[in-house]
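Report on one structure; see the data block that follows.
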Amino acid sequence: MKKLTLLCSAFLLGSGALLQAQNTPDSDTAAYKFVLDYDVPESPAFTVLDLSPSNVLRGSAAKPAAVNLINQFAAGGKLQNGVALDFNPYFLLGGRMKSLNAYRQNYWLRFAANTQFSFATTNAVDEPGSMLYGTGLRFTFLDQHDILFDQELGPAIDRFLAPSQTGTVGGSETPTTVALGGSAKDSIDAVYKRVTDRVMKKSGWGISAGFASSGIVYNSILKSDSIHVQRYMTWVGVQYHFGNYFTVLGNVQGRYTFDHAPDNRAGIGIRGGTSKVNLILETVWASNSRPVYGGNVEVKLFGGLKYIFTLSTVSAGDAYAVRVKSSLRWNPGRPTN
Amino acid sequence: MNQRYCILNPNGGPITIRISANNALRASGNFSIQTKSLDNWQVTEQWQQAAGDTGSSDHTVQTAPAALEGKAFAGLINCCALLANADMGAVEIQVLQNGVSLPLTKPMHWNLIGVPNCNSGNAQQFNTSLIFLTHQP
């Protein structure tokens, strides 16, 4: 009965607010999200080109791809369409570290190991035959939620990683990639989840930054006079996580182009809550527009039902308007949501 | 197939197996001492050993050096990358006696690339083995 009363109240409140929302300039149905993306992008080169990094070549593919790319540059050749690279320059250039303990104890080694370089190209729609490119770097200065500092992670992985059978005398010694057995994989997954949960219950800081530039290669020919830089972007992200409860986030973003005024943004937000209630609050200041204030409360009800209440400001000429949204979301596929 | 041999002193100290891995790779193996019986190798001693957080670990073989003549050491090793950016590195196994590395007719050293991340459910696997020979200095 109590749940039914709550549901009816939420529905009535939601209906009224939805009517109100329809009179605002922007009545999209999506719940309020952060206006500013507080995470420094993993692949700044893709962000500066407004590309999705889903086709990024990672891991082992990065090295041969990078070598091919360097060969093309060196030969002054024509770039292939849609090259997408995302790799760590320290390891690619032959950097090594002795062990996990060395990673934990040496700040600069850790900094190098977590630096990410990205490079991407795509066709220039406005300049047929030419190509847009983006390059970017991402640095992690501090991450107090790095799970590699957890003392359980490594030994637990070792325990489940060990083969159940021993080697054969005179057998082939060529390394091959194998799928771990179901129980080993499940056990390692459980270790990662347990360690991640434990680490996220601790308070701590995270500081990262990124830089990217994009440009155009006219006629896709790599010569000094055919390459023109068009845009620079920078990010600095800072966050402090209060253990079980809230995370305070701050981010400064700058976007500079040669034919437009700089677009600088700074924001501060709070994200967090409990297993039943989530809260997001944010203020964003922008050099080219009015500040935006907003936030939402998301309450998990029962049976996959959520109630979401949203408030945010929108510019209406010289004044502010307040956008109010209230909605119910039901996901029958996730009753415990 | 080139069989690998290791020459040890039957009157020396116990044999130690050392496994090392760099770049924070996890290398965890199932190792054994095996004795040839007719045409088959039979496991007489078996253990699990991993390079660990320090990148290196030692295990002392229980079988006495003098009894290792003609016996084999074999291992099956799984490796995965703990650092998302470090999917390459080296794994090495050394055989030591009295703290000194024993000569091998072929090194037990692997340069690995494309090692799967530990949370991927995959691993890079390789086998290794050698046969002990004794030589009294």
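Since every read-out is calculated from the coordinates, none of them should be taken as a lab result. All values derive from a computational prediction rather than experimental measurement. Cβ atoms come from the backbone with ideal geometry, glycine included; neighbour counts cover every protein chain shown.
The relative contact order of chain B comes to 38 percent, based on Cα pairs under 8 Å that sit 6 or more residues apart. Taking a ≥ b ≥ c as the square roots of the eigenvalues of the Cα gyration tensor, segment A:120-220 is classed as oblate, since a/c reaches at least 1.5 and a/b does not exceed b/c. Between the listed residues A:Pro262, A:Gly295, A:Gly210, the Cα displaced farthest toward the positive end of the dipole of segment A:199-337, a dipole computed from Cβ unit charges relative to the Cα centre, is found at A:Gly295. When segment B:1-59 is described by a simple charge dipole with +1 on each Lys and Arg Cβ and -1 on each Asp and Glu Cβ, the residue from B:Val43, B:Ala21, B:Ile33 located farthest towards its positive end is B:Ala21. Between A:Ile268 and A:Lys202, the simple label model (points 7 Å from Cα in the Cβ direction) yields a spacing of 2.6 nm.
FRET efficiency for the A:Asp259 to A:Ser187 pair, using the beta carbon distance and R₀ = 41 Å, is estimated at 0.15. Ranking of A:Lys223, A:Lys300 by neighbouring Cβ atoms within 10 Å, starting from the fewest: A:Lys223, A:Lys300.
Spin-label model, B:Ala84 to A:Asp37: label points 7 Å out along the Cα-to-beta-carbon direction sit 1.4 nm apart. Of all aspartates and glutamates in the structure, the ones whose alpha carbon falls short of 13 Å from that of A:Lys306, not counting any fewer than 8 places away in one chain, are A:Glu298. Any aspartates and glutamates with Cα under 14 Å of the A:Lys185 Cα? List them, leaving off those in the same chain fewer than 8 positions away. The qualifying aspartates and glutamates are A:Asp158. Structural descriptor for segment A:247-326: relative contact order 18 percent, calculated from alpha carbon pairs under 8 angstrom and at least 6 residues apart.
Between B:His59 and A:Asn123, the distance separating the two model label sites (each 7 Å from Cα on the Cα→Cβ line) works out to 5.7 nm.
Rounded, prolate or oblate: pick one for segment B:42-124, where a ≥ b ≥ c are the square roots of the eigenvalues of its C-alpha gyration tensor, a/c under 1.5 means rounded, and failing that, prolate if a/b is larger than b/c, else oblate. It comes out prolate by the Cα gyration axes. Here the relative contact order of segment A:186-329, from alpha carbon pairs under 8 Å that lie six or more residues apart, stands at 13 percent. Note on B:Leu133/A:Arg104: beta-carbon distance plugged into 1/(1 + (r/R0)^6) with R0 of 51 Å gives a FRET efficiency of 0.80. Mean partner shielding of peptide B:24-37, defined as the number of other chain Cβ atoms within 10 Å of each residue Cβ, is 4.
State the Cα centre-to-centre distance between segment A:169-216 and segment A:273-292 in whole Å. Between the Cα centre of segment A:169-216 and that of segment A:273-292, the gap is 31 Å.
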